[in-house]
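The values are calculated or read from the model by the stated rules, or taken from the named source; none is laboratory data. Bear in mind that the values here come from a model prediction, so they are computed numbers and not experimental data. Glycine also receives a Cβ, built like all others from the backbone with ideal geometry; neighbour counts cover every protein chain displayed.
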Amino acid sequence: MGINLKGAFYTARAVMEDMKDRNWGRIVFLGSMVSFVSIPGRAAYASSKTAILGLTRTLALETASNDICVNAICPGVFQTHMNSIWMKDTVKRQAFLEKIPKERFGDPEDLDALIVYLCSPGCAYMTGADLVIDGGWIIQ
């Protein structure tokens with residue numbers, strides 16, 4: 001909770017005043033697919049990431065008039081250091097893959113273009129959004 005929620009809150013608070021002064025800014029929070037689909041044993045993580053979505057919406061409302069856009073990306077299962085231990089378990093790995101219509105895990109590079117867009121002037125009308133990037137898991 002401390003890192004996922006408090007870290008995001010305090011970081012946003014640290015940059016928002018400057019963004020308001022400039023009357024422009026972009027904030028992209030890192031949520032998670034587990035805000036939409038539960039996974040056993042992940043209660044604290046899921047709770048903190050779901051709280052990120054509330055933070056996203058609230059800050060989006062509070063800063064919209066200053067042309068600040070606040071959005072969250074919510075990745076699914078990605079090949080990251082955090083997931084590397086359980087991904088070595090072939091049974092768990094296959095069980096997760098079977099839930100992903102794209103039939104592969106996400107790669108951090110799958111997020112690059114979206115983050116660049118969310119931080120660009122072209123993203124002037126999107127704020128308060130939760131964007132799920134999960135290979136189709138939650139649409140089932």
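Things to note:
- Count of residues meeting criterion [surrounded by fewer than 19 Cβ atoms within 10 Å (Cβ to Cβ), assigned to a helix (DSSP H, G or I) and touching a strand residue (DSSP E or B) at 6+ places or on another chain (Cβ under 8 Å)] in the stretch 62-75: 1
- Residue match in the stretch 1-17 (condition: under 13 Å from Ala72 (Cα atoms), modelled with pLDDT of 95 or more and among the β-branched types (Val, Ile, Thr)): no
- Unique residue being of a type in the set (Lys, Arg) and either within 14 Å of the chain's Cα centre (by Cα) or surrounded by 13 or more Cβ atoms within 10 Å (Cβ to Cβ) (or both) when the list is Arg93, Arg104: Arg93
- Checking Arg57 against (1) of a type in the set (Lys, Arg); (2) surrounded by 12 or more Cβ atoms within 10 Å (Cβ to Cβ); (3) touching a helix residue (DSSP H, G or I) at 6+ places or on another chain (Cβ under 9 Å), the condition it does not meet: (3)
- Residue check, Arg93 at pLDDT below 95 and touching a helix residue (DSSP H, G or I) at 6+ places or on another chain (Cβ under 7 Å): yes
Every residue, every condition in (1) within 15 Å of Val132 (Cα to Cα); (2) outside any loop (DSSP other than H, G, I, E, B), yes or no:
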{"position": "Leu53", "(1), (2)": "yes, yes"}
{"position": "Thr56", "(1), (2)": "yes, yes"}
{"position": "Ala60", "(1), (2)": "no, yes"}
{"position": "Met82", "(1), (2)": "no, yes"}
{"position": "Gln94", "(1), (2)": "no, yes"}
{"position": "Pro101", "(1), (2)": "yes, no"}
{"position": "Arg104", "(1), (2)": "no, no"}
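- A search for C-beta distances below 7 Å between a residue of the stretch 88-101 that is touching a residue at least 24 places away in the same chain (Cβ under 8 Å) and any residue that is among the aromatic types (Phe, Trp, Tyr) and outside any loop (DSSP other than H, G, I, E, B), counting only pairs 6+ apart in sequence or on different chains, returns Lys99/Trp137; Ile100/Trp137.
- Within the stretch 37-67, tally of residues that are touching a residue at least 40 places away in the same chain (Cβ under 8 Å), of a type outside the set (A, V, I, L, M, F, W, C) and more than 20 Å from Ser120 (Cα to Cα): 4
- Checking each residue in the stretch 107-122 for being surrounded by fewer than 17 Cβ atoms within 10 Å (Cβ to Cβ), out of contact with any Ser or Thr (no Cβ under 9 Å at 6 or more places or on another chain) and closer than 23 Å to Ala51 by Cα picks out Leu114, Ile115, Cys119.
- Residue satisfying all of: in the stretch 106-119; free of Cβ contacts under 8 Å to residues at least 40 places away in the same chain and outside any helix (DSSP H, G or I); farthest from Gln140 (Cα to Cα) among these: Asp107
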